[in-house]
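A short write-up of the structure that comes next.
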Amino acid sequence: MRADAGFSITNVVDQEIAGMSADLEAGLDPVSQAEGSDPLRRGFSYLESIQGAHGGWTGDYDGPLFLLPGYIFAHYVIRQPLGDGDRSAFVMTLRRAQNDDGSFGLHLEGDGYLFTTVLNYVALRLLGVPADDPDVTRAHRWIHAHGSAAIIPSWGRYWLSILNLYSWEGCHPVPPELWLLPERAPLHPSRFWCHCRVVVLAVSYLYGRRFQAPLDPLLTALRRELFAEPFDSIDWRALRTSVCPTDRYFAPSRLLRFANAVLGQIEQRMPQRLRAKALASVLDHIKHEQLTTNFIDIGPVNKALDTIALWSAEPHSDHTRKAIAAMPQYLFDCERGRTMQSYNSSELWDTGFIALALAESGHAPEYATMANETYRFIDENQVLEDVDQRERYYRDPSKGGWPFSDRAHGWPIVDCTALGLMAALALEPCSNRRIEPARLLDAVDLLLFWQNDDGGWGTYEKQRVGAWLEALNASEIFGDIMVDVSQVELTSSAVQGLAAARAHFGDRIGDERKHRIDAATARAAPVLRALQRADGSWEGNWGICFTYGTWFGICGLLAVGAKPDDPAIVRAAEFIRAKQCEDGGWGESHKSCIRREYVQHPEGGQVAMTAWALLALLSASPQRHRDAIQRGVRFLCERQLPNGDWPQQGMTGVFNRTCMLNYRYYRNHFPLWALALAAKNGFSLG
């Protein structure tokens, strides 16, 4: 349920969940009794009952605890006061996220970080919560026990500097002149991973102008509250290399330290004329990002920063007005309250998996309307053209791709494009409409374009620089943010999509395209094998963690022609089987992503991870692991709720190694897909 300006505080709790709970308490089953004990029909009937009018499913895509503060800060800086309903809802959401010790984690299940504790502390104060409030007091105590806001990581320093609660002199330089470097230069920001690139873009503009909100009594009070010594006496330059040990994920490289020192010297001698030229160029790029995403921007961090940058440059322009008006698209009212989502939605991603599960089950004819509407959503959200002047603004082609959320967002992604393509092909026989073959072949061509030189695939773009550039990661708290390198999930998805298209079109795909697909597949196989670890697993980059990655690794090898008895697949399946819990499910802790080794979930089996494990074993060799599969199937069936839903459990997603995500519909489509494939292979769902 998307939030809007007129939303009442009484609706903060997700209405779907609240209504479902009330029905269950009253002994009512929202799903017709006709489904009986069939978990597939119950599950699909439940999804059918909550399908959106647009044909897709919109759910919570939440987890990081530094996003909502950015939304609050942006409104404070641009002098657009939040409504009373938003303020009350946000305070409630922030309170619910606080740990018992007063801190806030990087994400909902994380231990305290100075970064997020400071940001959420400031957010609560800007929302009107007094300094002597018990929750604020607990956070204040934790902040000062961990060194105060003086040693907050870089991303926190940027936000505090914008709010006039830190000095830009305490930040390592982020000069906008980087964008004026020759484009062939290895350090040109156009070579950065796109999410890193757009954040650097906005920060460099605000840094270049040394923009800060004007001081007021509340900000002045916060200056006193956040630091252990008087604000005006702090030696900001001396703090540049000081970061709270709790937050530091890695030590800065020698190359990064050298680069910071050089930039510091250059910054002191920067000609004003060059600075003005750089600022104008950066602002032009920010505007292009907004115009080509319908003012959504690629993600929530640069959405808030871009809006402030635009407001600081032209507060009364029509462009700025549209940027501000689009900000609530990131708000969502979910089970824990009103949040700022990690994307404008995950609609295409979730809807695509629901399509595959429905097609696999063989029940699509029974849910003809649902299937047709799902296909319509996939049809209507394919990107149909490249962005304007894409090369000038460092964009890859977009035509034929699918985004993570919807067409309006405008940034297609490799695995979303592969998923959209496979979902369209799978549901085409069940739909009364058809996506033109030329459009599906556009998706094939885009996947082929995106293949990296090493034979694998990254996320949004072809890899533009060597992995060595990760040594310049200045975030301190995230890993792998600089380069769009080849990853197991993306490579697996791409080859699965290409294989599905080749099988669907047959000779109609053409000899030239067939040759390109075969060549791409052959080049991908060694990448998948090289990414496999010695224990048989693959490390996931976007799901938790080895369970998720190993499922993709197995399916990727099968898509490039490996047989189930291939030693790599056998070892991978054995790895998965060995991790089965006593309760019959599979459960992996988010700490696997941080430690980069398998860590068992303390609560045992998790629904989504059990589904991934089953999909892996069923794909690898259903007969070889029959007992383990049957136990996993029983686990899923026993935990399905009477209405066809499954319970919400731990976090399932991750990005950049350290920050976890909640995908609302992972607990639905993955179990249904696994059960459908199990039934197809003769396993009992009773």
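Do we have ASN452 as more than 20 Å from the chain's Cα centre (by Cα), crowded, with 17+ Cβ neighbours inside 10 Å and over 30 Å from PRO153 (Cα atoms) here?
So ASN452 passes the test.
For the stretch 222-239, which residues satisfy the criterion of being in a loop (DSSP other than H, G, I, E, B) and crowded, with 17+ Cβ neighbours inside 10 Å?
PHE227, ILE234
Can you confirm whether SER154 is out of contact with any strand residue (DSSP E or B) (no Cβ under 9 Å at 6 or more places or on another chain), of a type outside the set (Asp, Glu), in contact (Cβ under 8 Å) with a residue 24 or more places away in the chain and farther than 30 Å from ALA467 by Cβ?
no
Cβ-Cβ distance below 6 Å, separation of 6 or more or different chains: which pairs start in the stretch 178-193 with a residue that is over 20 Å from ALA276 (Cβ atoms) and at pLDDT 95 or above and end on one that is among the aromatic types (Phe, Trp, Tyr) and surrounded by 12 or more Cβ atoms within 10 Å (Cβ to Cβ)?
Every condition considered, the pairs that remain are SER190/TYR394.
Which condition does PHE575 not pass, out of (1) assigned to a loop (DSSP other than H, G, I, E, B); (2) more than 30 Å from LEU425 (Cα to Cα); (3) under 29 Å from the mean Cα position of the chain (by Cα), if it passes all the others?
(1)
In contact with a Ser or Thr (Cβ under 8 Å, 6 or more places away or on another chain), of a type in the set (Val, Ile, Thr) and in a helix (DSSP H, G or I) - does that describe any residue in the stretch 614-637?
Yes.
So GLY264 passes all but one of these: (1) in contact (Cβ under 8 Å) with a residue 24 or more places away in the chain; (2) part of a loop (DSSP other than H, G, I, E, B). Which condition number does it fail?
Answer for GLY264: the failing condition is (2).
Tell me, which residue of the stretch 348-397 that is surrounded by 24 or more Cβ atoms within 10 Å (Cβ to Cβ) and of a type in the set (Ser, Thr, Tyr) is farthest from TRP450 (Cα to Cα)?
Ranking the qualifying residues of the stretch 348-397, first place goes to THR374.
Quick test for you: out of MET651, MET660, pick the one residue that is more than 23 Å from ALA359 (Cα to Cα), in a loop (DSSP other than H, G, I, E, B) and of a type in the set (A, V, I, L, M).
Every option except MET651 fails the conditions.
With respect to ILE477, is the statement that it is surrounded by 18 or more Cβ atoms within 10 Å (Cβ to Cβ) and under 30 Å from TRP155 (Cα atoms) true? Reasoning before the result, please.
Numbers: surrounded by 18 or more Cβ atoms within 10 Å (Cβ to Cβ): yes; under 30 Å from TRP155 (Cα atoms): yes.
So ILE477 passes the test.
For the stretch 110-125, what are the residues that are touching a residue at least 60 places away in the same chain (Cβ under 8 Å) and part of a helix (DSSP H, G or I)?
LEU114, PHE115, VAL118, TYR121, VAL122, ARG125
Kindly indicate which of SER103, SER21 is out of contact with any Pro (no Cβ under 8 Å at 6 or more places or on another chain) and modelled with pLDDT under 95.
Matching residue, one of SER103, SER21: SER21.
Just to be sure I understand, how many residues within the stretch 87-102 are in contact (Cβ under 8 Å) with a residue 40 or more places away in the chain and either in contact with a Lys or Arg (Cβ under 7 Å, 6 or more places away or on another chain) or not in a helix (DSSP H, G or I) (or both)?
Qualifying residue count for the region: 7.
Please enumerate the residues belonging to the stretch 380-413 that are outside any loop (DSSP other than H, G, I, E, B) and of a type outside the set (D, E, K, R).
Matches in the stretch 380-413: PRO403, ALA408, HIS409, PRO412.
Residues to consider are ALA423, ALA418, ALA438; find the one that is in a helix (DSSP H, G or I), exposed (fewer than 15 other Cβ atoms within 10 Å of the Cβ) and modelled with pLDDT of 95 or more. If you could, list the steps in order and put the result at the bottom.
On the way: ALA423 fails: exposed (fewer than 15 other Cβ atoms within 10 Å of the Cβ); ALA418 fails: exposed (fewer than 15 other Cβ atoms within 10 Å of the Cβ).
Answer to the selection: ALA438.
LEU181: surrounded by fewer than 18 Cβ atoms within 10 Å (Cβ to Cβ) and either closer than 30 Å to ASP484 by Cβ or among the small types (Gly, Ala, Ser) (or both), yes or no?
On the way: surrounded by fewer than 18 Cβ atoms within 10 Å (Cβ to Cβ): yes; either closer than 30 Å to ASP484 by Cβ or among the small types (Gly, Ala, Ser) (or both): yes.
When the stated conditions are applied, LEU181 passes them.
What do you reckon, is LYS287 buried (at least 17 other Cβ atoms within 10 Å of the Cβ) and among the charged types (D, E, K, R)?
yes
Quick check: anything in the stretch 394-406 basic (Lys, Arg) and within 20 Å of THR293 (Cβ to Cβ)?
Within the stretch 394-406 (the criterion being basic (Lys, Arg) and within 20 Å of THR293 (Cβ to Cβ)), the answer is yes, since at least one residue qualifies.
On the given criteria, is LYS563 closer than 30 Å to PRO437 by Cβ, charged (D, E, K, R) and free of Cβ contacts under 8 Å to residues at least 40 places away in the same chain?
no
Consider only pairs whose beta carbons are under 6 Å apart and that are at least six residues apart or on different chains; among these, list those whose first residue lies in the stretch 522-546 and is farther than 24 Å from TRP586 by Cα and whose second residue is of a type in the set (Val, Ile, Thr) and at pLDDT 95 or above.
ALA524/THR491; ALA524/VAL495; ALA524/VAL560; ALA525/VAL560; VAL527/THR491
State which residue is farthest from the chain's Cα centre (by Cα) when the search covers only the stretch 466-481 and only residues that are part of a helix (DSSP H, G or I) and of a type outside the set (A, V, I, L, M).
Only one residue tops the list, namely TRP468.
Please go through the stretch 186-218 and pick out each residue that is farther than 29 Å from ALA467 by Cβ, assigned to a loop (DSSP other than H, G, I, E, B) and of a type in the set (A, V, I, L, M, F, W, C).
Across the stretch 186-218, the qualifying residues are PHE211, ALA213, LEU215.
Per-residue answers, yes or no, for (1) small (Gly, Ala, Ser); (2) over 23 Å from the mean Cα position of the chain (by Cα); (3) over 20 Å from GLU428 (Cα atoms):
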{"residue": "GLU489", "(1), (2), (3)": "no, no, yes"}
{"residue": "GLY497", "(1), (2), (3)": "yes, no, no"}
{"residue": "GLY506", "(1), (2), (3)": "yes, yes, no"}
{"residue": "GLY510", "(1), (2), (3)": "yes, yes, yes"}
{"residue": "ARG533", "(1), (2), (3)": "no, yes, yes"}
{"residue": "GLY540", "(1), (2), (3)": "yes, no, yes"}
{"residue": "ILE544", "(1), (2), (3)": "no, no, yes"}
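Tell me, yes or no, whether the stretch 487-499 has at least one residue that is surrounded by 24 or more Cβ atoms within 10 Å (Cβ to Cβ) and within 30 Å of GLY156 (Cα to Cα).
Yes: the stretch 487-499 contains one or more residues that are surrounded by 24 or more Cβ atoms within 10 Å (Cβ to Cβ) and within 30 Å of GLY156 (Cα to Cα).
State all residues of the stretch 134-151 that are outside any helix (DSSP H, G or I) and either surrounded by fewer than 16 Cβ atoms within 10 Å (Cβ to Cβ) or in contact with a strand residue (DSSP E or B) (Cβ under 9 Å, 6 or more places away or on another chain) (or both); if no residue qualifies, say none.
Residue satisfying the conditions is HIS146 alone.
Given the criteria modelled with pLDDT of 95 or more, of a type outside the set (Asp, Glu) and more than 17 Å from the chain's Cα centre (by Cα), does ARG433 qualify?
Answer is no for this residue.
If you check TYR375, TYR330, TYR393, TYR343, which single one turns out to be modelled with pLDDT of 95 or more and within 29 Å of SER619 (Cα to Cα)?
TYR375
Can you confirm whether ASP60 is touching a Phe, Trp or Tyr at 6+ places or on another chain (Cβ under 7 Å), acidic (Asp, Glu) and under 30 Å from ALA371 (Cα atoms)?
yes
Evaluate the following for SER167: is it in contact (Cβ under 8 Å) with a residue 40 or more places away in the chain, more than 29 Å from the chain's Cα centre (by Cα) and closer than 30 Å to HIS285 by Cα?
So SER167 passes the test.
The values are calculated or read from the model by the stated rules, or taken from the named source; none is laboratory data. Note that the coordinates shown come from a computational prediction; the quantities given were computed from them, not determined experimentally. Cβ sites come from the backbone with ideal geometry, for glycine too, and all protein chains shown count toward neighbours.
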